[in-house]
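A.B. asks: Just dropping this structure here.
The values are calculated or read from the model by the stated rules, or taken from the named source; none is laboratory data. Values in this document were obtained by computation on a predicted structure and should not be read as measured data. Here the Cβ positions follow ideal geometry from the backbone for every residue, glycine too, while neighbour counts run over all protein chains shown. The area values use the complete protein model at the heavy-atom level, side chains included, leaving out ligands, DNA and RNA. Shrake-Rupley method; radii C 1.70, N 1.55, O 1.52, S 1.80 Å.
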Amino acid sequence: YQYLSRYKRKENLDQFTFHPVNIKGAEKECLACLMEFCGRGDPSWTELSNFTHFLNFQLRNCEQSVFCSSVVGQEFHGF
């Protein structure tokens with residue numbers, strides 16, 4: 001949700017890294033945002049769960065990748 005809400009507001013995600021202690025937003029906002037980006041008109045709880053697990057897996061890999069590090073981001077903006 002932290003990435004999706006920033007993406008929706010067109011914020012720069014290059015320098016953002018998720019930290020569990022800095023969680024922002026209410027549960028209702030989170031659910032609405034997840035449903036918007038899920039890609040289904042009326043997703044089931046299973047579909048939302050699968051979407052969030054997949055997204056978390058992809059974002060975790062991205063955050064740990066050397067290609068998405070702040071050092072590379074300074075040289076290659078948006079890489």
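A.B. asks: Mind checking which helices (runs of 4 or more DSSP H) fall wholly inside the chain and carry at least 1 residues that are among the aliphatic types (A, V, I, L, M) and at pLDDT below 75?
C.D. replies: Helices (runs of 4 or more DSSP H) meeting the threshold: 70-75.
A.B. asks: Collect the residues in segment 37-57 that are hydrophobic (A, V, I, L, M, F, W, C) and within 18 Å of Ser5 (Cα to Cα), keeping them in residue-number order. Walk me through it before giving the result.
C.D. replies: Step one: list which residues in segment 37-57 are hydrophobic (A, V, I, L, M, F, W, C), which gives 37-38, 45, 48, 51, 54-55, 57.
Listed by number, the residues that qualify are Phe37, Cys38, Leu48, Phe51, Phe54, Leu55, Phe57.
A.B. asks: Follow-up. Being touching a residue at least 12 places away in the same chain (Cβ under 8 Å) and open to solvent by less than 90 Å² (accessible area, probe 1.4 Å) is the filter; apply it to segment 4-21 and report the residue that is farthest from the chain's Cα centre (by Cα).
C.D. replies: Restricting to residues being touching a residue at least 12 places away in the same chain (Cβ under 8 Å) and open to solvent by less than 90 Å² (accessible area, probe 1.4 Å), the top hit is Asp14.
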